[in-house]
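What follows is a short report on a single structure.
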């Protein structure tokens, strides 16, 4: 059953109908709960970037940035494109960008 819930008030705790994407939403929220991954996602919300750009923006080492990007790829949140030796990353799930926009609006310290 695929049913869109427009507001939380539509969810009845006694309702046994399934919220079909709850597991995926929880996986995305777990990915966003890591400060390093959140920083990288906010940087990618502004457009595609290569690992070197993300390194410089974050101050994190290349290996750590790559590890976090691999996790985000595994979760289906970012995608990679390769041009020769250069690998660029971009958001791949359009549902994540609005979440990042709200977080950036509420917590202005995020880039």
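Past the 17 angstrom mark, what percentage of all C-alpha to C-alpha distances in segment 22-111 do you count? Before the final figure, lay out the partial values.
Numbers: 1721 of 4005 pairs.
Everything past 17 Å amounts to 43 percent.
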Worksheet item: What is the list of residues in segment 70-102 whose amide nitrogen lies under 14 Å from a point 7 angstrom out from the Cα of residue 57, following Cα to Cβ?
Response: 78-79, 88-92, 97, 100-101
Worksheet, complete the sentence: Note to self: C-alpha centroids of segment 82-111 and segment 21-40 sit apart, in Å, by 12
Worksheet item: So how much slack lies between residue 106 and residue 83, counting 0.36 nm per residue of separation and subtracting their Cα-Cα distance, in nm?
Response: 4.7 nm
Response to the item:
Sorted on mean Cβ neighbours within 10 Å (highest first), peptides 39-48, 59-68 come out as 39-48, 59-68
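Values in this text are rule-based calculations from the coordinates and carry no lab data. Please read all numbers here as calculations on a predicted model, not as lab measurements. Note that each Cβ is placed from the backbone with ideal geometry, even for glycine, and that neighbours are counted across all protein chains shown.
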